[in-house]
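Before any comments, here is the structure.
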Amino acid sequence: MSSPSETPIPAEGYAGDISPQLAWDWHCQGRAVVVDVRSAAEHAWVGFVPDVPMVPWKQWPGMVLNLVFDQEMTEAAGGKPVLLLCRSGVRSIAAARRATELGLVAYNILEGFEGDPDASGQRGRTGGWRFRGLPWRQN
């Protein structure tokens, strides 16, 4: 039997949850497209995955819904499944459900870019894209 990191976990309302490593593997193989759904502010201040499209689910300040999300997500997918990345893997669930409503095959990337907060309230130490050693940069 495959380990959880090797197969998606089925989810309600979208294709499933996928580990950061499996998401990167599928992206590199051309099987799917990683799409960053964090705000432009998070992208600029916290870091980003190089050469990955950014389609914010919500915009900063105020975290209001991105009014052109549907169009941008459809364009970013380019006919492939999408693997959605946010800060902690929560907003990307909502974005995956919306992408599914648009007719896309959409997955949520578990742990997000920064992972959950640790006992000190700091992210990036217990999980997430960066913690897993996957490609990322900062401006």
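None of the figures in this text is laboratory data; all of them are computed from the coordinates on show. Since this is a predicted model, take the numbers as computed values, not measurements. Note that each Cβ is placed from the backbone with ideal geometry, even for glycine, and that neighbours are counted across all protein chains shown.
Structure notes:
- Each helix, a run of at least 4 DSSP H residues, gives -39500 (n - 2.57); summed and divided by the residues of the chain, these come to -7500 deg cm²/dmol at 222 nm.
- Label point of Arg97 set 7 angstrom out along Cα-Cβ; within the stretch 9-39, amide nitrogens under 11 Å from it belong to 12-14.
- Computed over the chain with a Gaussian network model linking Cα atoms closer than 10 Å, the most mobile of Gly78, Gly112, Gly62 is Gly62.
- Label-to-label distance, nm, for residues given as Arg132 and Leu65 (7 Å Cα→Cβ offset): 2.8
- Taking every C-alpha pair closer than 8 Å and separated by at least 6 residues, the mean separation divided by the residue count of the stretch 1-133 gives a relative contact order of 24 percent.
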